[in-house]
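Quick notes on the structure that follows.
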Amino acid sequence: MSVAELVVPASVEEAVRLQERLAPLVERAPPPDFAPRTATGLDVAYSADAPGDTAVVAAAVVTVALASGAVLASATAVGESTFPYVPGLFAFRELPALLAALDGLAEPPELLVADGHGIAHPRRFGLASHLGVLTGVPSIGVAKTPLGGYDQPADERGATTPLVDEGEQVGVALRTRAGVKPVFVSIGHRVDLATACRHVLTLCRDYRLPETTRLADQLSRRTLRELAES
DNA sequence: GCGACAG
DNA sequence: ATCTTGTCGC
């Protein structure tokens, strides 16, 4: 049985129920003595027929040292994405390929940085949280677009503004580069928001997005391209 | 009731 | 997500 069959629901209704069932498992605080030395970014590239329902996808995961930014390891996985894209259920399109790619990592990840939301999600269970709960690895959600509205944070790097949903703060809009659109950070699993922001800022050296997601993005695209050429 | 809506 | 190179500007 493939990873996909274990993770992808048969319907939208089932997917929602699965999220509601798993959401309570999210831990919003780090484990004792949590001090990751590495961060692992994850991303998925879609073949040209995306964003329909089924598409060939290439997932990539890249681990970097938090102190130096050096690339320590990477892995990829090619697969199919069959679940339709529905805001709020986005994770089901990328989860199987991402989990397969994580399996190929020689060293176990210490902190996952997903390109999407964690608990900044209608059911508090976005891609980052889903990845964290399934793997048990602390995770952070870093999205390029919020699911709801937000107030613009101050222009300096490090400035934040709360992301609120149903009266609850679920994350922050974080300015990683002065004068550039912020990114949207939320707890995935086993981290707190302050720690998450700290690591995200560390990973954003010269660009708006974390180096981990930039590297994973490049690797996933290259993998898909080389697949087409062969 | 009418939009908004991660990638 | 994807279609897409060079180019204007700090």
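Order these peptides, A:15-21, A:99-105, by their mean beta-carbon neighbour count within 10 angstrom, highest first.
Put in order of decreasing packing, that is A:99-105, A:15-21.
Checking the a/c ratio against 1.5 first, then a/b against b/c, what shape does the Cα gyration tensor give for chain A?
It is rounded, given that a/c, with a ≥ b ≥ c, falls under 1.5.
Gaussian network model of chain A, Cα springs within a sub-10 Å range: biggest mean-square fluctuation belongs to which of A:Glu14, A:Glu211, A:Glu110?
Result for chain A, Cα springs under 10 Å: A:Glu14 fluctuates most.
Pick from A:Ser81, A:Ser11, A:Ser129: which residue has the top mean-square fluctuation in a GNM of chain A where Cα pairs under 10 Å get a spring?
Answer for the Gaussian network model of chain A: A:Ser11.
Would you work out which of A:Leu66, A:Ile187, A:Thr40 lies farthest towards the positive end of the dipole of chain A? Charges go on Cβ: Lys and Arg +1, Asp and Glu -1.
A:Leu66
Using the heavy atoms of the protein chains alone and a 1.4 angstrom probe, what is the accessible area of segment A:3-229 per residue in square angstrom?
44
For A:Arg28 and A:Thr82, FRET efficiency with R0 = 45 Å and r from the beta-carbon atoms, rounded to 0.05?
0.90
Counting only protein heavy atoms, what percent of the accessible surface of chain A is carbon or sulfur at a 1.4 Å probe?
Taking all protein chains in place, chain A shows 52 percent carbon and sulfur surface.
With an 8 Å cut-off on Cα pairs and a minimum separation of 6 or more residues, tell me the relative contact order of segment A:3-229 in percent.
Rounded, it is 22 percent for segment A:3-229.
Please give the calculated 222 nm ellipticity per residue for chain A, where each DSSP H segment of at least 4 residues contributes -39500 (n - 2.57) and the sum is spread over every residue; nearest 500 deg cm²/dmol?
Mean residue ellipticity at 222 nm (helix-derived): -9000 deg cm²/dmol.
Pairs of Cα atoms under 8 Å, at least six residues apart: use those to get the relative contact order of segment A:52-124, whole percent.
Taking the mean separation of contacting Cα pairs over the length of segment A:52-124, I get 31 percent.
When you count, for each residue, the other Cβ atoms within 10 Å and take the mean per peptide, how do A:153-160, A:30-37, A:84-91 rank with the highest first?
Ranking the peptides A:153-160, A:30-37, A:84-91 by packing returns A:84-91, A:153-160, A:30-37.
The values are calculated or read from the model by the stated rules, or taken from the named source; none is laboratory data. Because the structure is predicted, anything quoted here is derived from the model rather than measured. Cβ: placed from backbone, ideal geometry, glycine included. Neighbour counts: every protein chain shown. These accessible areas exclude ligands, DNA and RNA; they are computed on the full protein's heavy atoms, side chains included. Shrake-Rupley method; radii C 1.70, N 1.55, O 1.52, S 1.80 Å.
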